[in-house]
Amino acid sequence: MDGILLKGKKGIIFGALNEKSIAWQVALKTWQQGAQLVLTNSPVAVRMGSIQELAEITGGTVITADATKMDDIEKLISGSMEIFGGQFDFILHSIGMSPNVRKDIPYEQTSYENMLKTFDISALSFHRILQTAYKLDAIKEWGSVVALSYVAAQRTLTGYNDMGDAKALLESIARSFGYIYGRDRKVRINTISQSPTLTTAGSGIHGFDSLVDFSERMSPLGNATAEECADYCVALFSDLTRKVTMQNLFHDGGFSSMGMSLKAIEQYKKSFEECQ
């Protein structure tokens, strides 16, 4: 380990599957900055992924939990408190899945059963985690909770489907619980709106490669990588950001503030020239 920003801090990382996962990179970065970790994912993801390898690297403990089940969340948080010897300092929520996206069902033909699953997994899981942590008084004063979001919560991006609705709900939960948790326990809650990132989950979105390329051309600083997002999470978990809460923080190279970039204009003109 080579850092001190999170020395002595303890936290739970939700959603690490493999090296492509943002949560995986966050686990590595927080460990390198001195944190002690509990790693968690669903039973299927634990079987399919490499989280045990990550635990060996970081010295963390793996606790399997289905984030759609309250009993699992309660066992996870209470079990983490036993491992940590009491309250802990931070949580990362990096959970998202849409059956409609996986099955390539267009938004206008959505299966509402699938949409409810999208909301349950991708957003309501965040409320469950916060509600349980609040009930158990699990997070220390000036602790920090971060959930990963995307600009599709504010803008319509074709192919992102009902995940855009789920991210909007996720950000709303962060604000609503951020007020309550800040008022009562001095715990801060934020979302990070990350650039499109080539994770296992992200690659299942229709036209994702084109979305990544478009975002890269539009962003003055280019797309933010998973490793760079992990650095940002470390900053939000640290004591350097104690008064930052209830915010949706864009970490996207400037994409969210752009209208049209020079690179995008040049590519747009080129496409017409090729058609002539």
Strands (runs of 3 or more DSSP E) within the stretch 1-105 that include 2 or more residues out of contact with any strand residue (DSSP E or B) (no Cβ under 6 Å at 6 or more places or on another chain): none
Name the residue that is modelled with the highest pLDDT, counting only residues in the stretch 36-50 that are open to solvent by 60 Å² or more (accessible area, probe 1.4 Å) and of a type in the set (A, V, I, L, M, F, W, C). VAL44
Out of the residues in the stretch 220-248 that are open to solvent by less than 30 Å² (accessible area, probe 1.4 Å) and not in a loop (DSSP other than H, G, I, E, B), state the one that is nearest to ASN18 (Cα to Cα). ALA226
Only residues that are in contact (Cβ under 8 Å) with a residue 40 or more places away in the chain, among the hydroxyl-bearing types (Ser, Thr, Tyr) and in a helix (DSSP H, G or I): list them for the stretch 107-120, please. TYR107, THR118
Going through SER149, SER172, SER122 one at a time, which residue ends up being modelled with pLDDT of 95 or more and under 21 Å from LYS69 (Cβ atoms)? SER122
Applying the selection to the stretch 134-169, what residues are farther than 19 Å from ASN114 by Cα and small (Gly, Ala, Ser)? ALA138, GLY143, SER144, ALA147, SER149
If you take the residues of the stretch 127-145 that are of a type outside the set (A, V, I, L, M) and more than 19 Å from the chain's Cα centre (by Cα), which of them is farthest from VAL187 (Cα to Cα)? LYS135
Go through the stretch 149-200 residue by residue and tally those that are of a type in the set (Ser, Thr, Tyr), under 17 Å from GLY96 (Cβ atoms) and surrounded by 20 or more Cβ atoms within 10 Å (Cβ to Cβ). 8
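Yes/no matrix, rows are residues, columns are (1) part of a helix (DSSP H, G or I); (2) under 23 Å from GLY49 (Cα atoms); (3) free of Cβ contacts under 8 Å to residues at least 40 places away in the same chain:
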{"residue": "SER122", "(1), (2), (3)": "yes, yes, no"}
{"residue": "SER125", "(1), (2), (3)": "yes, yes, no"}
{"residue": "TYR134", "(1), (2), (3)": "yes, no, no"}
{"residue": "GLY164", "(1), (2), (3)": "yes, no, yes"}
{"residue": "SER172", "(1), (2), (3)": "yes, no, yes"}
{"residue": "ARG175", "(1), (2), (3)": "yes, no, no"}
{"residue": "GLY178", "(1), (2), (3)": "yes, no, no"}
{"residue": "ARG183", "(1), (2), (3)": "yes, no, yes"}
{"residue": "LEU211", "(1), (2), (3)": "yes, no, no"}
Please verify whether the stretch 51-67 includes one or more residues that are surrounded by fewer than 19 Cβ atoms within 10 Å (Cβ to Cβ) and touching a Lys or Arg at 6+ places or on another chain (Cβ under 6 Å). no
Given the condition open to solvent by 40 Å² or more (accessible area, probe 1.4 Å) and within 24 Å of GLN131 (Cβ to Cβ), answer yes or no: does some residue in the stretch 15-35 qualify? no
List pairs: first in the stretch 148-159 and closer than 27 Å to ALA16 by Cβ, second part of a loop (DSSP other than H, G, I, E, B), Cβ under 7 Å, 6+ apart or cross-chain? LEU148/SER94; VAL151/ASP252; ALA152/TYR160; GLY159/ILE205; GLY159/HIS206; GLY159/GLY207
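The values are calculated or read from the model by the stated rules, or taken from the named source; none is laboratory data. Owing to the predicted nature of the structure, the values given are computational and were not obtained by experimental measurement. Neighbour counts run over all protein chains shown; Cβ positions are idealised from the backbone, glycine included. SASA here: full protein model, heavy atoms, side chains in, ligands and nucleic acids out. Shrake-Rupley method; radii C 1.70, N 1.55, O 1.52, S 1.80 Å.
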